[in-house]
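Asks: The following block contains the structure, expressed as structure tokens.
The numbers here are math on the coordinates, done by the rules we state, and not lab data. Just so it is clear, the structure is predicted and the values come from calculations on it, not from any experiment. Cβ placement follows ideal geometry from the backbone for every residue including glycine, while neighbour counts extend to all protein chains displayed.
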Amino acid sequence: MNGLTKCFVTRSPEETVKLGEKIGSLLSGGEIIAYKGDLGGGKTTFTRGLAIGMGLPDQVSSPTFAIVNEYRREGRFSLFHFDMYRINGSEALESTGFFDYISDNAVIAAEWSENIAEDIAALERSGTDVITIEFENLGGDERRITTRGGGEKFADAWD
Ligand code: ADP
Ligand code: MG
């Protein structure tokens, strides 16, 4: 685990999209992005930016009902956007196909990763690149977004 932590405050949804875009442009495939934080924190908004930064269309919607929304594009790595709100336990997680989606050709972004914390920790221990991003609502349009992990490739870009 790389302990590098970075903290941002955004003041509009657009700023959160921009931050997602920057981070998305630095991904190389194989990463799991584990989102934490309450409803309305900006996780889905941030994921729209992530998609743009990865060169995918920006038509990102909440995966709440589908559990997973797939954004695939030939010749590039894909984005699989999960919502773990209703997922409880490894068996439920396995039934979503989560483990089959993990590959070097994909980025996984998971909302409510709190619900799969043990599985995420196990993946991290076995070498998967896990980036944790926490969203806190500071009131009004202010959101504190704290990222952990991602390795040295993020160190300069996020200063
Ligand atoms: P989550 O997926 O964490 O539940 P969403 O991205 O779906 O959150 O919703 C965030 C809501 O908060 C949206 O209605 C968005 O317009 C609003 N919002 C206000 N300020 C911000 C901000 N700085 N960043 C992200 N969203 C914001
Ligand atoms: Mg959401």
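Asks: How do I145, I120 line up, fewest other C-beta atoms within 10 Å first?
Replies: In order of increasing Cβ crowding within 10 Å: I120, I145.
Asks: How large is ³J(HN,Hα) for each residue in the range 69-75, as worked out from phi by the Karplus curve 6.51 cos²θ - 1.76 cosθ + 1.60 (θ = phi - 60°), to whole Hz, x for Gly and Pro?
Replies: 10, 9, 10, 10, 8, 4, x
Asks: A further question follows. Give the separation of the Cα centroids, the range 111-128 to the range 1-55, in Å.
Replies: That distance is 18 Å.
Asks: Where does the chain land on Rg(C-alpha)/(2.2 N^0.38 Å)?
Replies: In units of the 2.2 N^0.38 Å rule of thumb, it is 0.95.
Asks: First select every other residue whose beta carbon is under 12 angstrom from the beta carbon of S90; then total the charges, Lys and Arg +1, Asp and Glu -1.
Replies: Surrounding charge for S90 is -4.
Asks: Charges at C-beta only: +1 for Lys and Arg, -1 for Asp and Glu. How large is the resulting dipole of the chain about its Cα centre, in Debye rounded to 20?
Replies: Around 320 debye, computed over the chain.
Asks: Springs between alpha-carbon atoms under 10 Å, Gaussian network over the chain: tell me which of S90, S28, S62 tops the mean-square fluctuations.
Replies: S90
Asks: List the GluC sites (Glu not before Pro) in the range 12-114 that DSSP assigns to loop (not H, G, I, E or B) and whose Cβ has at most 13 other Cβ atoms within 10 Å. Which are they? Don't jump to the answer; show the numbers that get you there.
Replies: Details: sites: E14, E15, E21, E31, E70, E74, E91, E94, E111, E114; in loops: E74.
Answer in residue order: E74.
Asks: Just to check I understand the Karplus step: with θ = phi - 60° and J = 6.51 cos²θ - 1.76 cosθ + 1.60, what whole-Hz values come out for the range 82-91, glycine and proline as x?
Replies: Going residue by residue, I get 9, 10, 8, 3, 9, 8, 9, x, 5, 5 Hz, with x marking Gly and Pro.
Asks: Per DSSP H run of at least 4 residues, take -39500 (n - 2.57); add these up for the chain, divide by its residues and hand me the 222 nm value, nearest 500 deg cm²/dmol.
Replies: That comes out to -8500 deg cm²/dmol.
Asks: Let me ask you something else. For N88 and R72, compute 0.36 nm times the residue count separating them, minus their Cα-Cα distance, and round to one decimal in nm.
Replies: That pair, N88 and R72, stretches by 3.1 nm at full extension.
Asks: May I pose another question? Within the chain, what percent of beta bridges assigned by DSSP are antiparallel, to the nearest 5?
Replies: Of the beta bridges lying entirely in the chain, close to 55 percent run antiparallel.
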